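Some notes on the structure that comes next.
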Amino acid sequence: MRLWDRYAALVSGRRSWTLLVVLLVAAAALMGLVGGNGSAGRAPDSLPPSADSATVKTLLRQFPDGGTTTAVAVLTRTDGGILDAADHSAAAAALHRMRGATADSPKRPQPAPAAEPHSGPAAGSPADLSTGTQSAPSAGIQPGPTREPGSAQGAPPTPAFGTDLALAPDQRAVVGPIPIPADLDGFALTDRIREVRAAGRDGLPAGLRLEVTGGPAFGADIADSFSGANVLLLSITALVVAVLLIATYRSPVLWLIPLVVVAVADRVAGVVGTGLAGLTGLSFDGSTSGITSVLVFGAGTNYALLLVSRYRDELHREADHRRALRQAVRRAGPAVLASNVTVVLALLTLLLATLPNTRSLGLLAAAGLVVALVFVLFGLPPALALVGRKAFWPLVPEVDGRDAAEIGPWHRVAQAVVRRAAPVAAGTLLALLVCAAALPFAHIGLAQADRFRVRAESITGLDTLAAHFPSGASDPTIVLARPEAADAVSAVLARTPGVTRAVPTGVSAAGTARWTVTLDAPPSSAAAFSTIRQLRSGLAGVPDAAALVGGSDAQALDTRDAAGRDRSVVIPFILAVVLLVLLAVLRAVPAAVLLVAVTVLSALAALGLGSWLSAHVFGFPALDVDVPLFAFLFLVALGVDYTIFLVTRAREETAAHGTTGGIVRAVSATGAVITSAGIVLAAVFCVLGVLPLITLTQLGIVVGLGILLDTFVVRTVVIPALFRLIGPRIWWPALPARRHEPDYATVSR
């Protein structure tokens, strides 16, 4: 096509270096104008805004205590013993110091007088964990839990305690509230919680252990765990890519060129993501930032590998390196563009999702891949043109007419496959089906505290609360309703199975009544979800109550349900997009349908095998709700990348060598580059494990496995075998000339 010819001439000509300069100047200007990503330390926002629990979080801002959020101090003995009067006094003094540290301009607080914790029949009961003695609104109902801006979205909300300490039933723990300004977020919140913890431990007697937990502490610890994580991710990713590029090219020079181009593209992609987040209101959090970097590095390196591989092949036929480069980018460019469009369009289908972090990933990662494409297509060829043949030193390609499609180990593998196409296809497809059969048995849905691999103080503090206080007492459910329906709402709460206590805890300025409800089930458990559903069902029958159920259990349930809805809606659109792109590129209906089907089977096999490994090897309690959708998207879209690289070359070869000969030559010519690209991409996804989210670790496991399956099984074995079995009809309606088919028939004997 004339357009591709013009492009090839532009990026390989003698003045092509000006394109490189323009790209670098534009990148520097963009970085200077937009700045860095300040939200990368945040945990993902996984709560759908239309959910009842999200509405509850919004309405809680209208309550008198909406300007603060509550952290919880938990004090126990290091030997696990019963707390005595001296321990109670030390706990009261520590709580006084920590409250002083929360002021915007704190003065060093003086030691507080000893205060006895609640005692008597109600001491340590759920009532102590859900009521308080702060100034009450005009209705005379005690205020309760406050909203938790600044904490991680979906983090467990904490109950508002009274000004006194609450004693556990076993007398081995006391807890107390610490008000935190609600407008703190990210690393500012981390600093404040760090000051609170330091103040509490300053002067704490030996033998006592103090932990600060609750929503603000949870958000602070997550932000702290992401501090420096992206730098570590990028460093390890760059190191992995560098090692693999050196192993692929065996040159001390060549690996630097694509690595530098892709690294600059990644920095620009981060800046573009930050700008888009500001324009759209989406959150470019730590998870989205990490996945985007992995995609830019992985896909960008794959594009570079394909282009450089074709360039090296052309150097064996052309003495002028610029002419060889022009041929290479002319032939590899359409495949690179098609693969990029496939992944970008597949990512954009995530905008149909309801989960905010899913929509954010769709837009921002798609933008990152477009940036990667621009840098590889317009930055890499000029850089290669500047260096010339010596970039491949010491293995500089000579003009010897070598045909990569007829030599090498991949040529022998492809020949062996097509000789025994039927048993090879049957055996590999059966193996993939066996792996996929594990998927229906996978447990999906992690509790909020289980989503992070770091054992931060906020998480261990929650464990301490759960060990000494009634189940669910440290993580109450919130019910909001109209005050005129208070009696009917209270009656429903009292008779709902699984509710141990329901206490009215405030009326907002807008006239919304609030109850703090303690469940007898552990947070985010199946029993807790069942109770939430029963509460919603029962309250729906109260006339004119407009009752809403929120809190962390309700948020987890709403997130899980929304994730299921997103999978059922988005996955069909992903498959439709991939199929349409393949039809447009190949113009062959059977080939497009077959390739999508095989890629889907490979993705399901990776999900099944990955879920089994996640549970039985790595010990994770479940797959996170985001993993199935994200993994399926990446496996299908990126798997089709390699399919496009392979099958476009097969179509090119078919005209002269027939369908079987064409696919054998395509495997031979692309085997090394696709294998290298697959190993690079799998390794880069595995690097996601350095980030603290279990979601990303699981995603790295599943996608890494899937890419290796696609590289070494689907692309090497399944597709050549199926092409051999189906024959020329695979290219319908544009059937190749059948006279070429017998020329390669001996391969099947």
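Data overview
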{"quantity": "Close pairs from the stretch 279-300: first acidic (Asp, Glu), partner buried (at least 24 other Cβ atoms within 10 Å of the Cβ) and modelled with pLDDT of 80 or more, Cβ under 7 Å, at least 6 apart", "calculated": "Asp285/Asn357"}
{"quantity": "Failed condition for Pro470, given (1) assigned to a loop (DSSP other than H, G, I, E, B); (2) farther than 29 Å from Ile193 by Cα; (3) touching a residue at least 40 places away in the same chain (Cβ under 8 Å)", "calculated": "(2)"}
{"quantity": "Residue among Ala588, Ala650, Ala576 that alone is open to solvent by 10 Å² or more (accessible area, probe 1.4 Å), farther than 19 Å from Ile444 by Cβ and either over 17 Å from the mean Cα position of the chain (by Cα) or in contact (Cβ under 8 Å) with a residue 40 or more places away in the chain (or both)", "calculated": "Ala576"}
{"quantity": "Subset of the stretch 248-266 [open to solvent by 30 Å² or more (accessible area, probe 1.4 Å) and either under 20 Å from Leu20 (Cβ atoms) or without any contact (Cβ under 8 Å) to a residue 60 or more places away in the chain (or both)]", "calculated": "Val253, Trp255, Leu256, Val260, Ala263, Val264"}
{"quantity": "Candidates Leu462, Leu433, Leu439 - the one that is touching a residue at least 40 places away in the same chain (Cβ under 8 Å), surrounded by fewer than 16 Cβ atoms within 10 Å (Cβ to Cβ) and closer than 25 Å to Ala615 by Cα", "calculated": "Leu433"}
{"quantity": "Subset of the stretch 185-221 (residues that are open to solvent by less than 60 Å² (accessible area, probe 1.4 Å), more than 17 Å from Arg97 (Cα to Cα) and hydrophobic (A, V, I, L, M, F, W, C))", "calculated": "Ala188, Leu189, Phe218, Ala220"}
{"quantity": "Qualifying residue in the stretch 383-391 (condition: in contact with a Phe, Trp or Tyr (Cβ under 7 Å, 6 or more places away or on another chain) and over 30 Å from Ala528 (Cα atoms))", "calculated": "yes"}
{"quantity": "Boolean, Gly388 is in a loop (DSSP other than H, G, I, E, B) and among the small types (Gly, Ala, Ser)", "calculated": "no"}
{"quantity": "First in the stretch 172-196 and touching a residue at least 12 places away in the same chain (Cβ under 8 Å) and among the hydrophobic types (A, V, I, L, M, F, W, C), second anywhere and open to solvent by 60 Å² or more (accessible area, probe 1.4 Å) and in a helix (DSSP H, G or I), Cβ under 8 Å, 6 or more apart", "calculated": "Ala173/Ala467; Ile178/Arg99; Phe187/Asp224"}
{"quantity": "Criterion: modelled with pLDDT of 90 or more, open to solvent by less than 10 Å² (accessible area, probe 1.4 Å) and assigned to a helix (DSSP H, G or I) - qualifying residue of Val517, Val492", "calculated": "Val492"}
{"quantity": "Lone qualifier among Arg322, Arg331 - being surrounded by fewer than 18 Cβ atoms within 10 Å (Cβ to Cβ) and either part of a helix (DSSP H, G or I) or of a type in the set (D, E, K, R) (or both)", "calculated": "Arg322"}
{"quantity": "Residue in the stretch 169-184 that is surrounded by the most Cβ atoms within 10 Å (Cβ to Cβ), counting only those that are more than 24 Å from Ser89 (Cβ to Cβ) and out of contact with any helix residue (DSSP H, G or I) (no Cβ under 7 Å at 6 or more places or on another chain)", "calculated": "Ala182"}
{"quantity": "Residues (farther than 14 Å from Gly639 by Cβ and open to solvent by 10 Å² or more (accessible area, probe 1.4 Å)) located in the stretch 696-709", "calculated": "Thr697, Ile701"}
{"quantity": "Residue match in the stretch 225-244 (condition: buried (at least 22 other Cβ atoms within 10 Å of the Cβ), of a type in the set (Gly, Ala, Ser) and out of contact with any Gly (no Cβ under 6 Å at 6 or more places or on another chain))", "calculated": "no"}
{"quantity": "Residue match in the stretch 678-688 (condition: over 24 Å from the mean Cα position of the chain (by Cα) and touching a residue at least 40 places away in the same chain (Cβ under 8 Å))", "calculated": "no"}
{"quantity": "Any chance Leu350 is touching an Asp or Glu at 6+ places or on another chain (Cβ under 9 Å) and open to solvent by less than 20 Å² (accessible area, probe 1.4 Å)", "calculated": "yes"}
{"quantity": "Residue pairs meeting the criteria (Cβ under 6 Å; at least 6 apart or on separate chains; first without any contact (Cβ under 8 Å) to a residue 24 or more places away in the chain, in the stretch 380-402; second in a helix (DSSP H, G or I))", "calculated": "Val396/Arg389"}
{"quantity": "Residues that are at pLDDT below 80 and either over 16 Å from Thr531 (Cα atoms) or among the basic types (Lys, Arg) (or both), drawn from the stretch 471-484", "calculated": "Ser474"}
{"quantity": "Failed condition for Pro394, given (1) over 21 Å from Leu307 (Cβ atoms); (2) assigned to a helix (DSSP H, G or I)", "calculated": "(2)"}
{"quantity": "Residue list for the stretch 268-319, filter: under 15 Å from the mean Cα position of the chain (by Cα), part of a helix (DSSP H, G or I) and hydrophobic (A, V, I, L, M, F, W, C)", "calculated": "Ile291, Val294, Leu295, Val296"}
{"quantity": "Meets criteria (touching a Gly at 6+ places or on another chain (Cβ under 9 Å) and among the hydroxyl-bearing types (Ser, Thr, Tyr)) for Thr68", "calculated": "no"}
{"quantity": "Residue, least open to solvent (accessible area, probe 1.4 Å), within the stretch 534-550, restricted to residues that are in a helix (DSSP H, G or I) and of a type outside the set (A, V, I, L, M, F, W, C)", "calculated": "Gly538"}
{"quantity": "Subset of the stretch 380-412 that is of a type in the set (Gly, Ala, Ser), surrounded by 12 or more Cβ atoms within 10 Å (Cβ to Cβ) and farther than 16 Å from Thr248 by Cα - its residue that is nearest to the chain's Cα centre (by Cα)", "calculated": "Ala383"}
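Condition check ((1) open to solvent by 10 Å² or more (accessible area, probe 1.4 Å); (2) modelled with pLDDT under 85; (3) farther than 30 Å from Val243 by Cα) across all residues:
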{"residue": "Thr654", "(1), (2), (3)": "no, no, yes"}
{"residue": "Thr675", "(1), (2), (3)": "yes, no, no"}
{"residue": "Val684", "(1), (2), (3)": "no, no, no"}
{"residue": "Thr711", "(1), (2), (3)": "no, no, no"}
{"residue": "Glu741", "(1), (2), (3)": "yes, yes, yes"}
{"residue": "Tyr744", "(1), (2), (3)": "yes, yes, yes"}
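The values are calculated or read from the model by the stated rules, or taken from the named source; none is laboratory data. The model shown is predicted, which means the values in this text are computed figures rather than measured ones. Virtual Cβ from ideal backbone geometry, glycine too; neighbours counted across all protein chains shown. With ligands, DNA and RNA removed, areas are computed over all heavy atoms of the protein, side chains included. Shrake-Rupley method; radii C 1.70, N 1.55, O 1.52, S 1.80 Å.
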